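Below: one structure, written as structure tokens.
The values are calculated or read from the model by the stated rules, or taken from the named source; none is laboratory data. Just so it is clear, the structure is predicted and the values come from calculations on it, not from any experiment. Backbone-built Cβ (ideal geometry, glycine too); neighbour counts: all protein chains shown. Note: areas computed on protein heavy atoms with side chains; ligands, DNA, RNA excluded. Shrake-Rupley method; radii C 1.70, N 1.55, O 1.52, S 1.80 Å.
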Amino acid sequence: MKRLVVLPAVLMLLLAACSQAPAPAPAQPQAAGGDAAAVTSERCGDPSKLSDSVNFYNWSDYIDPEILTMFEEECGVKVVYDTFSSNEDLLAKLQAGATGYDIIVPSDYMVSIMVQLGLLKELDHANIPNLANLAERFRNAPYDPGNKYSAAYQWGATGIGYDADVVTTPPDSLAVLFDPEQAAQYAGKISLLNDAREAIGAALKYLGYSINSTDPAQLEEAKQVLLAIKPYVLTFDSDTFGDLLVSGETALALGWNGTIYLAMSENEGRNLGFAVPKEGMAVFTDNLAVPASAPNPYTAEVLINYLLDPEIGAMITNYTLFPSPNEAALPLIAEEIKNAPNLNPSEEMMANVEYIQDVGEATALYERIWTEIKAQ
Ligand code: SPD
């Protein structure tokens, strides 16, 4: 797969020296005592306090695997890496008693929920000096002012990916997905995010309501919108919707901007686009956090600090194509990524976006509606 990767010379040399390791196989966390003999870098914290392994649970396709190899070789700590597909899956995993994870990546509203549930450890800022690299708005986000529990990793927005050979007029409205007459033209070629808050939220936006509505009548309307177009939906999917557009199996996808741009950049022969609906978009910030039950919290904080390094922050965005919250990384991010239209939402677009927020008791209503939509 072709990636839009532009790296500083020092990293190119490092990467050339690193072998391409496959994703580490799942393993049980090990006792403290990393491979101190291998530690040569200041980016590794106190070698005597490092564990042998660290367990990182991230969204799918959300890191350059070279970074994991670099950390392993630089710090002598094995990274056990696994992925999830939605905030709700991540929460369910923790609530079911999973205790092996050292770093997780909840989005904004899920940080709030997890803090309330006592699922996150307070971060020791002495171990994460690179928090200072984050842009101000990510250092004082409403869901976690002062980065008490989390550090921004990547951010982005939800919009409409489309195959311009099939959808010949660039869509400017969610109506292309949610007006049954329009959606019927693309029957069987539509994917929606497999994510209750995103899919129901988009239907709420289409109706002119807040993405965070707690009004049962509005939520019922959103449910009816989704049920009316469900016969035209090929799949609810949050992991492969970019690939489905590339293969031609779908022509329209409710999806995240970085994922669609990745599909576009890797397949220049395909006529794919990303549209910002006039009804407004959902924006999100995904965050690095340490579960309260983490077996290796010190090593987790060292890895978080590593990921917030400017060079590493740029590698992440140069690979995932999601915007970086790391201000110090911006000069190292490829110009074509920084200049891509709609990938970094403009000030004007940001005025018309909404963050998904914790809706408290209404969460159960969203879950019920989502179950009903998926079941029918
Ligand atoms: N492939 C990685 C996508 C990560 C997207 N996170 C989105 C959170 C939306 N609420």
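General observations
- Single residue of region 216-260 satisfying the filter (within 16 Å of the ligand (Cβ to nearest atom), part of a helix (DSSP H, G or I) and in contact (Cβ under 8 Å) with a residue 60 or more places away in the chain) that is farthest from residue 166 (Cα to Cα): 258
- When residue 213 is tested against the conditions (1) buried (at least 23 other Cβ atoms within 10 Å of the Cβ); (2) in a loop (DSSP other than H, G, I, E, B), the lone failure is (1).
- Selection from region 196-210 of residues that are open to solvent by 10 Å² or more (accessible area, probe 1.4 Å) and without any contact (Cβ under 8 Å) to a residue 24 or more places away in the chain: 207, 209
- Verdict on residue 286 being touching a residue at least 60 places away in the same chain (Cβ under 8 Å) and either within 14 Å of the ligand (Cβ to nearest atom) or not in a helix (DSSP H, G or I) (or both): yes
- Per-region count, region 330-351, residues surrounded by 15 or more Cβ atoms within 10 Å (Cβ to Cβ) and either under 18 Å from the mean Cα position of the chain (by Cα) or assigned to a loop (DSSP other than H, G, I, E, B) (or both): 8
- Residues satisfying the stated conditions in region 184-195, i.e. crowded, with 21+ Cβ neighbours inside 10 Å and either within 16 Å of the ligand (Cβ to nearest atom) or at pLDDT below 95 (or both): 191, 192, 193, 195
- Of the residues making up region 83-131, those that are part of a loop (DSSP other than H, G, I, E, B), within 16 Å of the ligand (Cβ to nearest atom) and not hydroxyl-bearing (Ser, Thr, Tyr) number 2.
- The number of residues in region 178-197 being out of contact with any strand residue (DSSP E or B) (no Cβ under 6 Å at 6 or more places or on another chain) and not basic (Lys, Arg) comes to 11.
- Subset of region 134-154 that is open to solvent by less than 30 Å² (accessible area, probe 1.4 Å) and touching a helix residue (DSSP H, G or I) at 6+ places or on another chain (Cβ under 6 Å) - its residue that is farthest from residue 332 (Cα to Cα): 144
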